[in-house]
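Everything below concerns the one structure shown next.
The values are calculated or read from the model by the stated rules, or taken from the named source; none is laboratory data. All values derive from a computational prediction rather than experimental measurement. Here the Cβ positions follow ideal geometry from the backbone for every residue, glycine too, while neighbour counts run over all protein chains shown. The area values use the complete protein model at the heavy-atom level, side chains included, leaving out ligands, DNA and RNA. Shrake-Rupley method; radii C 1.70, N 1.55, O 1.52, S 1.80 Å.
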Amino acid sequence: MWFKNLIIFRLDERFMLTPEDLQEKLIPMAFRPCGNQEASTFGWTPPLGKSSEQLVHSSNGFMMLCGKNEERVLPTAVVNDMTNEKILETEEQQGRKLSKKERNAIKDELIFELLPRAFTFQTKTFAYIDPQNGWLIVDSASTSKAEGLLSSLRKCLGSLPATPINRITVDSPVSVMTGWLANDQGPHEDAEITIDDECELRAPEEEGGIIRCKRHDLSLPEIKNHLDTGKQVFKVALTWSDRLSFIIDDNLAIKRLKFLDLIQSQAADTETESEADRFDVDFSIMSLELANFLPRLVELFGGEVKTHTPDN
């Protein structure tokens, strides 16, 4: 269980629930498949899959959750074609043009008839809570999907004050990243975090130009020339202590996260007897690694504003 993308939220208050308490809170919203007339459903499912009934998987104080979404697939083109055919047929029978209200009613009736027969597909979104350090971390490349999971969690808990990580740092992510490349300096003097060979530059104007560089030496003069004309860094590839590599963007979202050989070797050296044990080991190593990394990440962007520091 290795996360590939991170949408990170700072918990504004200390998370006091035990895994058992959280389990009880999630049960009323456990996943169920779509009903005949439901376009989609969302609920909590065991992170370990069919081998477990627990909606919360706890290890070393970290609590893993998994949201599951099921949607019925009704291709828009098919629905529109069938609707248009039905409208034309009805207009010919009645010898008149149908009103907009009547056309919409025909479409709604067709959807009602087709939904029970539509194919369904399911997706899972994993997340975990770090109560000790005050983080909620969602494995998603989509901010809206991560916020949707947080919203569902709030429904179960009543409230869960949390702030996106880019809103808790003292310095602007774009300004800091632009400074790294403009000044030809890495983000940290001790080389703990190094800049790799990928970035995205954008002009500040809404319709401004975008430059994407991949497998490119970012210290070359051409990069600085773009920055001198006003472009700013919105994404950049970094490596942390030869342990993690990733792309970080202007919202401090982590994309294409890779746990490098040092971490993978640690996981491979731990023997397990089942898939559940393997999941537990990987989750433990991953969550501890990220617990060490996230404070360093915040420090790169000026540290954390005090108003958003959770009460320990």
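Pairs are defined by a Cβ separation below 7 Å, a sequence spacing of at least 6 or placement on different chains, a first member in the stretch 258-274 that is within 10 Å of Asp242 (Cα to Cα), and a second member that is among the aliphatic types (A, V, I, L, M) and not in a strand (DSSP E or B); the pairs so defined are Phe259/Met286; Ile263/Ile285. Somewhere in the stretch 170-184, is a residue in contact with a Gly (Cβ under 6 Å, 6 or more places away or on another chain), outside any loop (DSSP other than H, G, I, E, B) and open to solvent by less than 60 Å² (accessible area, probe 1.4 Å)? There is no residue in the stretch 170-184 that is in contact with a Gly (Cβ under 6 Å, 6 or more places away or on another chain), outside any loop (DSSP other than H, G, I, E, B) and open to solvent by less than 60 Å² (accessible area, probe 1.4 Å). On the given criteria, is Ile195 at pLDDT 95 or above, within 24 Å of the chain's Cα centre (by Cα) and open to solvent by less than 50 Å² (accessible area, probe 1.4 Å)? Considered against the rule, which asks whether it is at pLDDT 95 or above, within 24 Å of the chain's Cα centre (by Cα) and open to solvent by less than 50 Å² (accessible area, probe 1.4 Å), Ile195 comes out as no. Only one entry of Ala118, Ala162 meets the criterion of being among the small types (Gly, Ala, Ser) and within 24 Å of Arg296 (Cα to Cα), and that entry is Ala162. The number of residues in the stretch 60-84 that are touching a helix residue (DSSP H, G or I) at 6+ places or on another chain (Cβ under 7 Å) and either open to solvent by 40 Å² or more (accessible area, probe 1.4 Å) or under 30 Å from Gly49 (Cα atoms) (or both) comes to 8. All told, Glu13 meets the bar of being within 30 Å of Val305 (Cα to Cα), open to solvent by 70 Å² or more (accessible area, probe 1.4 Å), out of contact with any Phe, Trp or Tyr (no Cβ under 6 Å at 6 or more places or on another chain) and of a type outside the set (A, V, I, L, M). Any residue in the stretch 211-219 that is under 29 Å from Phe9 (Cβ atoms) and not charged (D, E, K, R)? For the stretch 211-219, residues under 29 Å from Phe9 (Cβ atoms) and not charged (D, E, K, R): absent. Answer yes or no as to whether Ser245 is under 30 Å from His57 (Cα atoms), at pLDDT 95 or above and among the hydroxyl-bearing types (Ser, Thr, Tyr). Yes: the conditions hold for Ser245. Scanning the stretch 121-153 for residues that are assigned to a helix (DSSP H, G or I) and of a type in the set (Ser, Thr, Tyr), we see that the one that is most open to solvent (accessible area, probe 1.4 Å) is Ser144. Any residue that is modelled with pLDDT of 95 or more and either buried (at least 20 other Cβ atoms within 10 Å of the Cβ) or within 19 Å of the chain's Cα centre (by Cα) (or both) - is there at least one of those in the stretch 18-31? Yes: the stretch 18-31 contains one or more residues that are modelled with pLDDT of 95 or more and either buried (at least 20 other Cβ atoms within 10 Å of the Cβ) or within 19 Å of the chain's Cα centre (by Cα) (or both). State whether one or more residues within the stretch 215-225 are open to solvent by 50 Å² or more (accessible area, probe 1.4 Å), in contact with a helix residue (DSSP H, G or I) (Cβ under 7 Å, 6 or more places away or on another chain) and modelled with pLDDT of 95 or more. No, the conditions are met nowhere in the stretch 215-225.
With respect to (1) at pLDDT 90 or above; (2) out of contact with any His (no Cβ under 7 Å at 6 or more places or on another chain); (3) at negative phi, the lone exception for Arg10 is condition (2). What number of residues within the stretch 154-168 are farther than 22 Å from Ile27 by Cα and assigned to a helix (DSSP H, G or I)? Final tally of qualifying residues: 3.
The number of residues in the stretch 32-48 that are surrounded by fewer than 15 Cβ atoms within 10 Å (Cβ to Cβ) and modelled with pLDDT of 90 or more comes to 3.
Does any residue of the stretch 283-300 turn out to be under 27 Å from Asp217 (Cα atoms), buried (at least 16 other Cβ atoms within 10 Å of the Cβ) and touching an Asp or Glu at 6+ places or on another chain (Cβ under 7 Å)? Give the steps one after another, and end with the answer.
Going residue by residue through the stretch 283-300, those that are under 27 Å from Asp217 (Cα atoms) are 293-294, 296-300.
Cutting the leftovers down to buried (at least 16 other Cβ atoms within 10 Å of the Cβ) gives us 293-294, 297-298, 300.
Add one more test, that the residue is touching an Asp or Glu at 6+ places or on another chain (Cβ under 7 Å), and what stays is 298.
Yes, the stretch 283-300 has at least one match.
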